[in-house]
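> Handing you this structure, nothing more for now.
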Amino acid sequence: MAGTVAVVLGAAFGALVHALPGDRLLTTAVDDLVQLVAPLVASVLCATTARRATGPDRRLWWWLAAATASWAAGQTVWSWYELVLRRETPFPSPADAGFLAFPLLAATGLLLWHGGPYLSAGARDLIDGGLLAGALLMVSWKTALGAAMQDGAGPGLGFVLGLAYPVGDLVSATVVLLLVARTGVAARPHVALIAAGLLSLAVADSAYVYLLTVDGYSSGNAISAGWVTGFLLIGAAAFVGRDPGAAVDQRDEPTHGVLVLPYVAVAVALALVVQTALRGQVLSRPEVLLATALATLLLARQYLVVRDNDRLLREVRQREAALAHEVMHDGLTGLSNRAMLLQRLDQVVAGHRRHGRGLVVMFCDLDGFKAINDTYGHLAGDGVLREVALRLRAGVRSTDTVARPSGDEFAVLMEPPHDDPLRVAGRLISALSADVELPEGTVRTGVSIGIAVIPAGAPGGAVTSRSLIAAADSAMYSAKSGGKNRAVLVEVGVPGAARADETVGDDPLHRTR
């Protein structure tokens, strides 16, 4: 409804200008003042919406407010020439600075908004807009605009500036059209209104350039309705965008057709150039410049695509590595989990079968941990588990595998060459029996350790990873039943022998905890 009202008001303005009596001053005054009011209204509405918006939406509306205000400033200068100084506005003039700043500010806002965390996302849309605008300009040049320029004043600063109007608006409008394809018109109607407004401005600017090259332009022309309608549509977009449910920061991936569109447009434009060359005709300087610009933009777009693909590939690899780490590691302590321990054990047992290398598995269960949880809470218990993990890592070699299979149970896999397992276990018992400082207070726990050893050169053919863990677990329960805070060692894979030794922690006060 807001868009319909904007179009109706723009059409009514065009009809009014056409129906005014022959008084030149009256027609100019109505035309200039309405063209001044329309961007001012749009600027106020965009600024109001920007104050209510948040995040990327807020930035977009502020840029559009600045863009429409810039056009209003240019129109103020234009009106000053015609209504106060009573003379025709020169071209170029200071007013053109405000007019030409509009597409730059609008395109910058769209680029920063749509780019999200990656500038190349918005830059690619901006390049697509440039490709489509350049292709349309090439087609226009080969059909009508080129002939009009040859009949007109010829190239110069005025012509170049005039050409910048439709090109800038087409780039901005094309960017928004691409955004419409991503967001969906039904879900984001105000994005479509921004696109419609910029397209209306582009059509009016194109007509303005054409009139400059042939008959000239003066206020009171019917094309003024295109400018007024364009700014009213942008104002309508800001009015609709005030609804919090109409956030513009939800975007979907473009469809295949949207991705191909810039390439199709460039192919058509370059086909016209090839056709001219095949006919033996000499390309004009503007045609060469346009073809060069299109090729450059196309290469820049491909570079951004390759860079984005490389970035996405790196992100996928990083996520895969993070996921693999998460699957194989304990989230609380960062140690290997049961799956990682079993995988590593399978590798070590297979190595023993091939080369006869010995190995040691320690199974550690904390003594008195339940009392810490019951007294201080589970957060304190988590702190103890993290501290135990740090002390276990510090008490063994960096090449040894330290794991947390579950709860308050830990495991250590030692590969040869290694120290005497009982000596290492005694060192770990002393380390884990020391006080642990937590925000909740000072706590102390002990540890019972079961050690399963396959000696170097032992057959061990029937030993598996799970049977090795089972043997270490059984030895750990023997240590716990024998008084806790101690270690029990058993040898596995040795026919006719089952040796058991034990060592006790240094602090006798915690022998029975």
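> Would you confirm whether or not region 312-320 contains a residue that is farther than 18 Å from Arg386 by Cα, touching a residue at least 24 places away in the same chain (Cβ under 8 Å), of a type in the set (Lys, Arg) and not assigned by TED's automatic domain parsing to the domain that holds Pro405?
Initially, region 312-320 is screened for residues farther than 18 Å from Arg386 by Cα, giving 312-320.
Filter once more, keeping what is touching a residue at least 24 places away in the same chain (Cβ under 8 Å): none.
No, region 312-320 contains no residue that is farther than 18 Å from Arg386 by Cα, touching a residue at least 24 places away in the same chain (Cβ under 8 Å), of a type in the set (Lys, Arg) and not assigned by TED's automatic domain parsing to the domain that holds Pro405.
> Do we have Arg427 as surrounded by fewer than 18 Cβ atoms within 10 Å (Cβ to Cβ) and in contact with a Gly (Cβ under 6 Å, 6 or more places away or on another chain) here? Before you say what the answer is, go through the steps one by one.
Working: surrounded by fewer than 18 Cβ atoms within 10 Å (Cβ to Cβ): yes; in contact with a Gly (Cβ under 6 Å, 6 or more places away or on another chain): yes.
Spelling it out, Arg427 is indeed surrounded by fewer than 18 Cβ atoms within 10 Å (Cβ to Cβ) and in contact with a Gly (Cβ under 6 Å, 6 or more places away or on another chain).
> Also, quick follow-up: Could you run through region 271-304 and say how many residues are exposed (fewer than 13 other Cβ atoms within 10 Å of the Cβ), within 15 Å of Ala123 (Cα to Cα) and in contact (Cβ under 8 Å) with a residue 40 or more places away in the chain?
Number satisfying all stated conditions: 0.
> Any residue in region 362-369 that is of a type in the set (Asp, Glu) and in contact with a strand residue (DSSP E or B) (Cβ under 6 Å, 6 or more places away or on another chain)? Break it down into steps so the answer makes sense when it comes.
In the first step, residues of region 362-369 are kept if they are of a type in the set (Asp, Glu); the result is 365, 367.
If we keep only those that are in contact with a strand residue (DSSP E or B) (Cβ under 6 Å, 6 or more places away or on another chain) as well, we get 365, 367.
Yes, that holds for at least one residue.
> Ok, one more. Of all the residues that make up region 385-414, how many are surrounded by 18 or more Cβ atoms within 10 Å (Cβ to Cβ) and either over 20 Å from Met476 (Cα atoms) or of a type in the set (Asp, Glu) (or both)?
Here the count works out to 2.
> Hey, does region 31-52 have a residue that's under 29 Å from the mean Cα position of the chain (by Cα), in the same structural domain as Ala222 (by TED's automatic domain parsing) and exposed (fewer than 15 other Cβ atoms within 10 Å of the Cβ)?
yes
> In addition: Would you mind telling me which numbered condition in (1) modelled with pLDDT of 85 or more; (2) more than 28 Å from Ala487 (Cβ to Cβ) Val282 fails?
(1)
> While we're on this one: Can you say whether Asp365 is buried (at least 19 other Cβ atoms within 10 Å of the Cβ) and charged (D, E, K, R), as far as the supplied structure shows? It would help to see each step written out before you state the result.
Details: buried (at least 19 other Cβ atoms within 10 Å of the Cβ): yes; charged (D, E, K, R): yes.
Here the answer is yes, as Asp365 does meet what is asked.
The values are calculated or read from the model by the stated rules, or taken from the named source; none is laboratory data. This structure is a prediction, so every number in the text was calculated from the model and none was measured. Here Cβ is always computed from backbone atoms with ideal geometry, including for glycine, and neighbour counts include all displayed protein chains.
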